[in-house]
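Note sheet for the following structure.
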Amino acid sequence: MDFYEFISQPYVLWFLISIFFMLLEFGIPGLIVVFFGIGALITSLTCFIFDPGLNIQLAIFIVTSLLSLLF
């Protein structure tokens with residue numbers, strides 16, 4: 001597996017998105033963006049284990065982001 005195949009895996013992309021959101025929190029005050037990072041990280045773990053479709057991935061991201069924001 002070369003680098004481009006590895007980076008195009010859904011769990012890697014969601015992990016990179018989660019890192020982006022976590023780092024973005026340092027620049028944007030208010031402690032809101034970190035919850036999107038948590039949602040992306042949970043989606044990344046789910047994609048690593050189960051390999052769901054794109055619609056399921058987006059649903060997991062939205063639900064886990066909202067749940068982490070509420071709790």
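The values are calculated or read from the model by the stated rules, or taken from the named source; none is laboratory data. Everything quoted here is computed from the prediction, not taken from an experiment. All Cβ positions, glycine included, derive from the backbone under ideal geometry; neighbour counts span all protein chains shown. Each accessible area value is taken on the protein alone, full model and side chains, heavy atoms only, with ligands, DNA and RNA left out. Shrake-Rupley method; radii C 1.70, N 1.55, O 1.52, S 1.80 Å.
Would you tally the residues in region 47-65 being at pLDDT below 95 and either small (Gly, Ala, Ser) or within 9 Å of the chain's Cα centre (by Cα) (or both)?
1
For region 29-59, name all the residues that are surrounded by 13 or more Cβ atoms within 10 Å (Cβ to Cβ) and not in a helix (DSSP H, G or I).
Narrowing region 29-59 to residues surrounded by 13 or more Cβ atoms within 10 Å (Cβ to Cβ): 33-48, 52, 56-57, 59.
Matches in region 29-59: PRO52 only.
If the requirement is being of a type in the set (Ser, Thr, Tyr) and within 9 Å of the chain's Cα centre (by Cα), which of these qualifies: SER8, SER44, SER68?
Numbers: SER8 fails: within 9 Å of the chain's Cα centre (by Cα); SER68 fails: within 9 Å of the chain's Cα centre (by Cα).
Going through SER8, SER44, SER68 in turn, just one is of a type in the set (Ser, Thr, Tyr) and within 9 Å of the chain's Cα centre (by Cα): SER44.
On the given criteria, is GLU5 in a helix (DSSP H, G or I), at pLDDT below 95 and open to solvent by less than 50 Å² (accessible area, probe 1.4 Å)? Lay out the reasoning, then the answer.
Numbers: in a helix (DSSP H, G or I): yes; at pLDDT below 95: yes; open to solvent by less than 50 Å² (accessible area, probe 1.4 Å): no.
Spelling it out, it is not the case that GLU5 is in a helix (DSSP H, G or I), at pLDDT below 95 and open to solvent by less than 50 Å² (accessible area, probe 1.4 Å).
Among the residues of region 8-28, which ones are surrounded by 16 or more Cβ atoms within 10 Å (Cβ to Cβ) and small (Gly, Ala, Ser)?
Selection gives SER18 alone.
Within region 60-71, track down each residue that is of a type in the set (A, V, I, L, M, F, W, C) and either open to solvent by 60 Å² or more (accessible area, probe 1.4 Å) or under 14 Å from MET22 (Cβ atoms) (or both).
Of everything in region 60-71, those that are of a type in the set (A, V, I, L, M, F, W, C) and either open to solvent by 60 Å² or more (accessible area, probe 1.4 Å) or under 14 Å from MET22 (Cβ atoms) (or both) turn out to be ILE62, VAL63, LEU66, LEU67, LEU69, LEU70, PHE71.
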